[in-house]
1. Can you compute the helix-only [θ] at 222 nm over the chain? Use -39500 (n - 2.57) per DSSP H run of at least 4 residues, normalise by all residues, nearest 500 deg cm²/dmol.
2. Hey, what angle do you get for helix 2-19 against the long axis of the chain, alpha-carbon based, 0 to 90 degrees rounded to 10?
3. On a full-extension model of 0.36 nm per residue, what is the gain between residue 189 and residue 136, subtracting their alpha-carbon distance, rounded to one decimal in nm?
4. Want the number for residue 165 to residue 45: 0.36 nm per residue separation, take away the alpha-carbon distance, what's left?
5. Restricting things to alpha carbons, tell me how big the chain is in terms of Rg and Dmax, in Å.
6. Fewest Cβ neighbours within 10 Å first, please rank 153, 27, 90 accordingly.
7. Could you work out, for the stretch 33-87, what percent of all Cα-Cα pairs fall into each 10 Å distance bin, beginning at 0 Å and stopping at the bin that holds the largest distance?
8. To the nearest 0.05, what FRET efficiency results for residue 62 and residue 173 with a Förster distance of 22 Å applied to their C-beta separation?
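Please treat every number below as a calculation from the coordinates, not as lab data. Because the structure is a prediction, the values reported are computed rather than measured. Please note: Cβ atoms are built from the backbone with ideal geometry, for glycine as well, and neighbour counts cover all protein chains shown.
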């Protein structure tokens, strides 16, 4: 009886080791929400610099079964703008003051992915992330101010892929806090 139990435990351990049911991935999105904000708002008068870092994502996932993965996503994005702000007060001459404005976003979100094409070296999936976001806004210069905003955020992953068996390239197209397009690297163990 002890040999059977030992053999069963050994089979379970080997099966989980061979199955490679955990993944870690790092992705980058050049088309993040702050980048869209820059495209929409454009360049304001007096703005000399507008830098967008892009969204960096770190994900950990574990397979629940052959088709479903449950995991967690951590995202960071930042933007900085600098320039000269003009203030107008009617009876006084114009006041020009240098400014620096920065915004950073940090998101922690559970994620659920459904794989609808499973080949050992290529997988297609879609997913949903709903999580907690914290955004910090700092303005220095003419009007010094800072604010912290937090709340719920969502990302809908419309089409994602994993290319490679134990490690390889990953990417997705989606709508939400991760950005429009993500590309990166994954390791499955």
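1. Numbers: 2 runs with 27 residues, N = 189.
Mean residue ellipticity at 222 nm (helix-derived): -4500 deg cm²/dmol.
2. With both axes taken from Cα atoms, the answer is about 40 degrees.
3. Value of the extension gain: 15.5 nm.
4. Details: separation 120, 0.36 × 120 = 43.20 nm, distance 5.07 nm.
Separation in residues times 0.36 nm, less the Cα-Cα distance, equals 38.1 nm.
5. Over the chain's Cα set, Rg and Dmax evaluate to 22.9, 96 Å.
6. The order, fewest Cβ neighbours first, is 90, 153, 27.
7. That works out to 20, 32, 21, 15, 9, 3, 0, in percent per bin.
8. With R0 = 22 Å, the Cβ-Cβ based efficiency is 0.40.
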